[in-house]
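A.B. asks: Before I ask anything, here is the structure I am working with.
The values are calculated or read from the model by the stated rules, or taken from the named source; none is laboratory data. Here the structure is a predicted model, which means the values were calculated and not measured. Because the Cβ atoms are built from the backbone with ideal geometry, glycine has one as well, and the counts that use them run over all protein chains shown. The protein model used for the area step is the full one, side chains on, heavy atoms only, and it has no ligands, DNA or RNA in it. Shrake-Rupley method; radii C 1.70, N 1.55, O 1.52, S 1.80 Å.
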Amino acid sequence: MEFGAVKLDDDFRPGEEYKAFVHPSFYAKVHPYVKRITGIDEKTLREAPFFPDAMKLFLDFCGEDFAFITWGPDDVPALCDNLLAHGFDTDVIPPTFDLQHIFNSQITHNANQVSLSGACDILGIER
């Protein structure tokens, strides 16, 4: 549905941002739950590029040397499923790090999933 990324510099400060929606190939309707939590609807996705073009644009943004830092365990498997469904090799997936897992083990010291907005609240980061 969407690619979103932020490049970090050598000191982990945010830099260039990337955001692009993906036109759905297999599911024409956005599930009401997904629509509620993301605010993304069919109209938003209608004009977006299909996955192969969106993926190429995203990889161009990423450049040569990069890693994925995600919030939660779901994004990378979903990306792999889409890569395979659209004839891409999953070798384009760089090293990945689940920041939610790291946050839980280092900050909350438990296995409860904390939302990204909840983590910002805990750390006093303005959103």
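For every residue, the table says whether it meets (1) under 17 Å from residue 1 (Cα atoms); (2) touching a Lys or Arg at 6+ places or on another chain (Cβ under 9 Å).
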residue	(1), (2)
23	yes, yes
46	yes, no
73	yes, no
81	yes, no
112	no, no
126	no, no
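A.B. asks: Among the residues in the range 92-106, are any aliphatic (A, V, I, L, M), under 28 Å from residue 125 (Cα atoms) and exposed (fewer than 10 other Cβ atoms within 10 Å of the Cβ)?
C.D. replies: no
A.B. asks: Please identify the pairs in which a residue from the range 74-88 that is over 21 Å from residue 113 (Cβ atoms) has its Cβ atom under 8 Å from the Cβ atom of a residue that is open to solvent by 40 Å² or more (accessible area, probe 1.4 Å) and among the small types (Gly, Ala, Ser), counting only partners at least 6 apart or on another chain.
C.D. replies: 85/25; 86/25
A.B. asks: Restricting to the range 68-91, give me the number of residues that are in contact with a strand residue (DSSP E or B) (Cβ under 9 Å, 6 or more places away or on another chain) and either of a type in the set (Phe, Trp, Tyr) or open to solvent by 60 Å² or more (accessible area, probe 1.4 Å) (or both).
C.D. replies: Adding up the residues that qualify gives 5.
The rows are residues; the columns are (1) in a helix (DSSP H, G or I); (2) touching a Phe, Trp or Tyr at 6+ places or on another chain (Cβ under 6 Å).
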position	(1), (2)
87	no, no
91	yes, no
94	no, yes
102	yes, no
